[in-house]
Amino acid sequence: MDIMKFLLFISLLLIVFLFVYIYKKIKNGQMKKMFLLTLISLFILCLGVFFECVLSEPLNISPIYFDYITYFGACFLPVFIFFTALSFSNTKIKFNKAYLALFIIPIISIIILWTNDFHHLFYKVYSINLNDTITGEYMNVYIIYTYGLFAISIVNLLKYSIKNAGFFSKQSLLIVLGSLIPIVVNILGGLKIIPMTIYITPICFTFTILFYALAIFKFKFLSITPIAMQRIVDRMSDSFLVINEDGNI
């Protein structure tokens, strides 16, 4: 358990550092805002699980009540990752009422979780060991929606990266690989193929954060200049010449 506490604490520090850096160093833009909202959701997820790990036994509080905090981050995290991917593939998106529908399932999920003691639609038996957990009927809706949005986001990132820069766009590939880590681990855990606890998810996102950081700091994930230039070139109707600094064509 001590190693879990340590890794969760490191995760929180990484998220705070990344948030502050992006907020101060990256120019304002739609993708920046979506990315920051993603980090906020991830922070809430990690913070809730950290409190559960640290305070559940000493205070003799049922672990499920800490999920009341955790799921505020967990439910909205895939939505903001989806908007981040959408902003990346479209440079800028115009929000309309249709996008509000994406928040319906997360809000319903939180309400059902908070009232779980009355109907047990989310959990029939709750345990920090996922293999001992018995989920309710609604959990299938939550899982399909969450991983469905994750999958769509990853496809958008990879498809747009290959279309505009092939496999040279390593920043997109990094964020795709980073996102796959917690998804794959949680799917394996949810299917009870591997034993795992609820603490695994935010720890997996520690690796995701590292991939995000590498994409941002080394490959400038939030910089869309190369992609914007490619789009302009693709749409130009006039002829143009490219010369080097010596005047050679």
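One table, with the values for the structure above:
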item: Around I40: net Lys/Arg minus Asp/Glu count, Cβ-Cβ under 14 Å; result: +2
item: Expected-Rg normalisation [2.2 N^0.38 Å, Cα atoms] applied to segment 1-44; result: 1.33
item: Inter-site label distance for L214 and I143 at 7 Å from Cα along Cβ, in nm; result: 3.0 nm
item: Total formal charge among the other residues, if their Cβ is under 10 angstrom from that of N116, Lys/Arg +1 and Asp/Glu -1; result: -1
item: Accessible-area composition of segment 1-82, carbon plus sulfur, in percent [1.4 Å probe]; result: 72 percent
item: Accessible surface, segment 1-105, averaged per residue in Å² (probe 1.4 Å); result: 52 Å²
item: Length added when fully stretched, K33-I107, from 0.36 nm per residue minus Cα-Cα; result: 24.5 nm
item: Computed over segment 43-85, Kirkwood Rh from alpha-carbon pairs, angstrom; result: 10.9 Å
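The values are calculated or read from the model by the stated rules, or taken from the named source; none is laboratory data. Model, not experiment: these values are computed from the prediction. Glycine gets a Cβ as well: all are built from the backbone with ideal geometry, and neighbour counts include every protein chain shown. Quick note on the areas: whole protein, heavy atoms, side chains included, nothing else; ligands and nucleic acids left out. Shrake-Rupley method; radii C 1.70, N 1.55, O 1.52, S 1.80 Å.
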